Every structure is written in C-alpha cells, then in structure tokens.
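Working notes for the structure below.
The values are calculated or read from the model by the stated rules, or taken from the named source; none is laboratory data. These numbers come from a predicted model, not from an experiment. Cβ sites come from the backbone with ideal geometry, for glycine too, and all protein chains shown count toward neighbours.
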Amino acid sequence: MRSLKIMMPALLALTLAVAHADEPAPADSWHGMILFGVGVGPQYEGSEDYEAMPLFAGSFSRGNLYMGFEDATFRANFLDSDSYEFGPLVSFASGREEDIDNTAVAALGSIDTATELGAFAAYSWPLTADSRMRLGGEYLRDVSDVYGSWRGGISLGYSREIASRWSLNIDAALRLVSDDFADTFFSVSSNGSSASGLDQYRAQGGADNFGVTLVLGYRLTDNLGLFGAAAIQRLLGDAADSPIVADAGNPDQAMVGVGIAYLY
C-alpha cells in the first residue's frame with residue numbers, strides 16, 4: 001500500500017481551502033482546483049526503501065457541495081452545510097508490488113489493489129475569520145476480496161489563510177483496521193517464512209498507524225498556484241511489531257512532495 005496516501009486528504013483539504021480563499025463564486029456555479037505533483041515516499045507501508053511517486057488531488061465545488069479526489073480515492077459531500085459533511089467514498093487501494101527492493105518482503109508475494117466502498121462524515125468550525133478546524137471520520141469495506149473486511153480512520157485538521165496568497169493545512173490522522181486487513185498486509189505465514197527467512201507472525205487489527213501532514217500552498221495568479229507537502233507516519237501495534245516492518249523495514253515513515261495547482 002503506497003504510503004503517500006497519508007498526504008492525500010490534506011491535499012484535498014488544501015484544494016477546498018484555497019478554492020474558497022477569495023470572494024466566493026456564485027452558489028449555482030462549479031469551481032475548484034486540480035493539483036499535480038511528485039512525491040517521495042516508502043515503496044510500501046513499513047518499507048525502508050523509498051521511491052518517487054505522482055501526486056494527484058482536486059476538488060469541484062458548488063457552494064458547500066463538492067466532489068473530491070485524492071490519488072485513487074473519490075468522495076462527494078452531499079450536505080449543503082457550512083459545518084457538516086457526509087457522503088460516499090470509493091477507493092482503489094494499492095497493495096504491495098513484486099518489484100520492490102526488499103527481497104525478503106518480495107518473497108512473500110504481491111498484494112493486489114483493493115476496491116473499497118464506504119462513507120465519510122466531518123464537522124468543521126471556525127476559529128478565526130481566517131482559520132478553521134475539521135474533525136472527520138471514514139469507513140471503507142473491501143468489495144474485491146483482497147483483504148475481505150474493513151478499515152477506517154479519524155482525523156483532525158487545521159486550515160488557515162496565513163497571508164493574502166498563502167494557505168496552510170495541517171492534518172493528523174489515526175487509522176483503524178480489521179484483523180483481516182492486518183493479516184493480509186502484516187502477517188507472515190509458515191510458507192512465507194520459509195520463502196523469505198522472516199519469522200512466522202500473525203497480525204491482528206486495531207489502531208495501526210498515526211500520521212501528521214503539513215501542506216503549504218502559494219497562489220501565483222488567479223488560476224495558478226504552488227504547493228509543498230511533508231508528512232510523517234508511525235506504524236503502531238501489530239503492524240509495527242510485524243517482521244515485515246520490525247526486521248525488514250521501518251515503522252517510521254516520511255514523505256515529501258511538491259507540485260502545481262490549477263484553479264478555475
């Protein structure tokens with residue numbers, strides 16, 4: 001599972017914040033922002049080997065209604081409210097590929113991309129005229145039988161227009177996973193142990209990672225902007241104790257990215 005995904009909700013929050021930073025568009029018109037960039041992060045969750053990856057996020061909004069996408073996750077807010085959000089989620093969560101650098105983990109075999117369906121909800125409130133807090137949660141189920149169960153998470157975000165052209169978003173997120181999810185991504189079977197040399201291990205679910213992301217945006221013109229992102233993530237519990245992470249990887253993950261944004 002590509003760990004740069006931790007950046008994506010914060011990038012989406014930035015698109016929503018920057019898209020509304022100036023005078024609001026008419027309530028009956030669609031507007032928004034699309035971000036393209038490149039980042040560097042672990043090859044898979046728990047990896048100590050890093051690689052470059054694309055960053056892609058955006059939002060299309062009309063009033064408080066919006067559709068947003070982050071990497072391969074799509075969401076839509078159906079509530080026309082200044083404070084509340086609720087809507088569906090569709091995600092295509094990448095697994096673990098065969099061409100990773102770590103030969104021991106590669107010997108465990110690849111994990112397919114999971115198709116997930118679910119929902120999210122959030123409540124946000126102003127702190128000042130230029131800043132807001134947002135508390136959110138989401139729940140997703142695998143409908144493709146990759147791990148065959150659920151995962152979810154809670155997040156707390158802070159967004160602020162720090163100057164006339166600068167926007168800041170800080171997002172902290174805790175992920176919760178099922179036993180089946182943990183078993184798929186972090187367990188080592190007896191056959192896997194023989195093939196990889198890693199100790200046999202059975203992972204159970206719970207809170208399995210916590211991460212903090214900072215995204216800074218700068219508006220060059222009415223239609224163009226730049227952004228930079230940095231994130232740290234710590235694997236927890238059985239995920240951190242798994243030989244895939246503790247022996248062949250690293251529970252501490254770091255990610256950085258830069259890119260350009262088009263506003264309309």
Mind checking whether some residue in the stretch 228-241 is surrounded by fewer than 19 Cβ atoms within 10 Å (Cβ to Cβ), assigned to a strand (DSSP E or B) and in contact with a helix residue (DSSP H, G or I) (Cβ under 6 Å, 6 or more places away or on another chain)? no
Which residues, taken from the stretch 129-167, are of a type in the set (A, V, I, L, M) and under 17 Å from the mean Cα position of the chain (by Cα)? LEU135, LEU140, ILE154, LEU156
What number of residues within the stretch 180-202 are buried (at least 17 other Cβ atoms within 10 Å of the Cβ) and acidic (Asp, Glu)? 2
Could you grab me the full set of residues in the stretch 129-150 that are surrounded by 14 or more Cβ atoms within 10 Å (Cβ to Cβ) and β-branched (Val, Ile, Thr)? VAL146
Condition set in contact (Cβ under 8 Å) with a residue 40 or more places away in the chain and outside any strand (DSSP E or B), scope the stretch 165-184, selection nearest to TYR218 (Cα to Cα): answer is ARG165
Would you pick out the residues in the stretch 197-223 that are of a type in the set (A, V, I, L, M, F, W, C), more than 23 Å from SER149 (Cβ to Cβ) and under 23 Å from the mean Cα position of the chain (by Cα)? VAL212, LEU214, VAL215, LEU216
Could you tell me how many of the residues in the stretch 128-169 are modelled with pLDDT of 95 or more and among the hydrophobic types (A, V, I, L, M, F, W, C)? 8
Looking only at residues in the stretch 203-227 that are assigned to a strand (DSSP E or B) and touching a Phe, Trp or Tyr at 6+ places or on another chain (Cβ under 7 Å), which one is surrounded by the fewest Cβ atoms within 10 Å (Cβ to Cβ)? LEU224
